[in-house]
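Everything on this sheet refers to the single structure shown next.
The values are calculated or read from the model by the stated rules, or taken from the named source; none is laboratory data. The model shown is predicted, which means the values in this text are computed figures rather than measured ones. As a convention, Cβ positions derive from the backbone with ideal geometry for all residues, glycine included, and neighbour counts pool all protein chains shown.
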Amino acid sequence: MDTAFAERRRRDLIVAFVLAAVAATVPLFVKDSYLQNMMVLTLMWGALSQSWNILSGYCGQISLGHALYFGLGAYTTTLLFTKFGVLPWFGMLGGGVISALIAMALGYPCFRLRGHYFVIATIVIAEIGLLLFHNWDWAGAAMGIEIPVRGDSWLKFQFPRSKLPYFYFALALACVAWFVTWWLEDSKWGYWWRAVKDNPEAAESLGVVVFNSKMGAAAVSAFLVAVGGSFYAQFVSYIDPESVMGFQFSLLMALPAVLGGIGTLWGPMLGAVILIPLTELTRSYVGGSGKGIDLIVYGGLIIAISLARPQGLIGLFSVKNFTGLFSPKGKEAVR
Amino acid sequence: MTTPLLETRGVWQRFGGLIANSDVSISVGRGEIVGLIGPNGAGKSTLFNLIAGVLPPTQGSIIFDGEDVTALPAAERCQRGVGRTFQVVKSFESMTVIDNVIVGALVRTTVMRDARRKAHQVLEFCGLGPRANVLASDLVPSEKRRLEVARALATEPKLLLLDEVLTGLTPVEAKTGVELVRKVRDTGITVLMVEHVMEIVMPLVDRAIVLDLGKVLVEGKPADVVRDPKVITAYLGDRHAVGA
């Protein structure tokens, strides 16, 4: 039985590697800049949702305020670069660390709340962050900040003429977020988180320090989301409070995971691959007049999913269904 | 004289105006199976929660393995060697049986391979081996009870607190349960169990402690306890105590 488990873990890793390799070759065939843009966004939202999934999916602390960490990442990188000339690469790490610390500082009071109260607290706190940045003159206030772009540079991580570097960075980010999840899944933390989600009282009786588990999940999750936010700021090279910290970002991080399968390894990526192109396409086909149509699509999808497959789409791809494809011995892995 | 494994000294627990435990002092020796019995509302579950560390007592202290653990939270008591089951089973429903047990095993090791091996051993010991890869939510009630025990055993406890693990089982299931408790004790683990079903508990335990209205009423050998007029009165009322 143990070998079956190890085999499944290894298979996940191989599948991920193959998918990443295939994804890496796509831009060689798809030169269209609109489509490339869409792929960058898909990978980015996949990575973000994967990170959100660590706190909300595995540990069960549903956050609808992750836009805060996204925005913090974006602002940290941008402010450090425009005000102090610090390279975005350091800004990225700095933003990650700051977000992780803030996530823990906020978790300290908030993780005493349960269920809906916790969700409401996350929404409110993110809104407070948004308002603060709206009124913070040094950080550009409502006007936002433009990142000065002077030609292609890996050092400054800006590429006005090509989407390719962004694509590969987003791909790397998605791989890192996936791999961190894969790695944590079979670690003490992974088991603790799932135990905390299912039944905190029982977890506590088994030696799980529930509070610390939540803090750990929040820190990892916020760090990765902030790196995503830093990347996004570089990608769009202009940020203002609404465009990096608005409530819709919190939703956009949650939806792919919910659609694909919350608390699963593959759910967030699967969800992003379906959801992001769908919205981008609706947006471009319906055009300017259809503002909000993409959100209607989201809403419709979520309703359909929660009615038909509350466990997410990933269940359709379960090992059970694919056993024969990957390995003849896989059947024991399931049951 | 060896020190007892567990001692409660003058423990009180008040919930507002309600006194759930008043001045409870009990002790459990190493290697014993002790039954904690008493009518509904006697304060058994409260005492259990105080020992497990779910809540701190209003007054009094709890000594475990020679150390005062009164101020320690549940997770830390587990690390010191207190394992427990819940009266209303609290399985991790979205996890498989083996994963449930691994959570417990991780108290003693952070090496996943070791935790997994330990979990498999414990599942075999509890007769759940064939169900290892089933979701906990798919277990039948008697299996869920055994999973509770398995999970607690995986934490390698010195003291195992069993909260009504034999209640509501069929006679056959209860018999297997009794055998499991004996087997647990034979591995050197001390057992303190709350139980309702007298005819099952009495032959199993070395000593019985009867709680009534939050106080220790009687304690002693099971055979003596069931004949004690005070116990009969507590369970059946004054009229039946005429035998005294």
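Structure above, values below:
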item	result
Qualifying residues in the stretch B:71-116 (those that are of a type in the set (D, E) and part of a helix (DSSP H, G or I)) - the one nearest to the chain's Cα centre (by Cα)	B:E76
Sole residue being part of a helix (DSSP H, G or I), within 23 Å of A:S213 (Cα to Cα) and modelled with pLDDT of 95 or more, chosen from A:I123, A:I102	A:I102
Residue check for B:I51: buried (at least 20 other Cβ atoms within 10 Å of the Cβ) and not hydroxyl-bearing (S, T, Y)	yes
Qualifying residue in the stretch A:232-243 (condition: more than 22 Å from A:Q36 (Cα to Cα), among the β-branched types (V, I, T) and in contact with a helix residue (DSSP H, G or I) (Cβ under 8 Å, 6 or more places away or on another chain))	no
Identity of the residue in the stretch B:117-133, surrounded by fewer than 17 Cβ atoms within 10 Å (Cβ to Cβ) and assigned to a helix (DSSP H, G or I), that ends up nearest to the other protein chains (Cβ to nearest Cβ)	B:R117
Residues located in the stretch A:19-55, provided they are more than 13 Å from A:V273 (Cα to Cα) and either within 14 Å of chain B (Cβ to nearest Cβ) or under 11 Å from the mean Cα position of the chain (by Cα) (or both)	A:S51, A:W52, A:N53, A:I54, A:L55
Residue count, the stretch A:173-230 (criterion: within 14 Å of another protein chain (Cβ to nearest Cβ) and polar (S, T, N, Q))	5
Residue list for the stretch A:1-18, restricted to those being more than 13 Å from chain B (Cβ to nearest Cβ) and surrounded by fewer than 16 Cβ atoms within 10 Å (Cβ to Cβ)	A:R10, A:L13, A:I14, A:V15, A:F17, A:V18
Helices (runs of 4 or more DSSP H) within the stretch A:231-335 that include 1 or more residues more than 14 Å from chain B (Cβ to nearest Cβ) and at pLDDT below 90	A:241-245, A:247-260, A:267-286, A:293-308, A:319-326
Qualifying positions in the stretch A:213-250 - under 12 Å from the mean Cα position of the chain (by Cα), small (G, A, S) and more than 13 Å from A:Y75 (Cα to Cα)	A:S221, A:A222, A:S250
Cross-chain or 6+ apart pairs with Cβ under 7 Å, the stretch B:18-30 first and of a type outside the set (S, T, N, Q), then outside any strand (DSSP E or B) and surrounded by fewer than 18 Cβ atoms within 10 Å (Cβ to Cβ)	B:V28/B:P4; B:G29/B:P4; B:R30/B:T2
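For (1) under 12 Å from B:W12 (Cα atoms); (2) modelled with pLDDT under 95; (3) within 14 Å of chain A (Cβ to nearest Cβ); (4) in a loop (DSSP other than H, G, I, E, B), each residue gets a yes or a no:
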| position | (1), (2), (3), (4) |
| --- | --- |
| B:G31 | no, yes, no, yes |
| B:L36 | no, yes, no, no |
| B:T46 | yes, yes, no, no |
| B:P57 | yes, yes, no, yes |
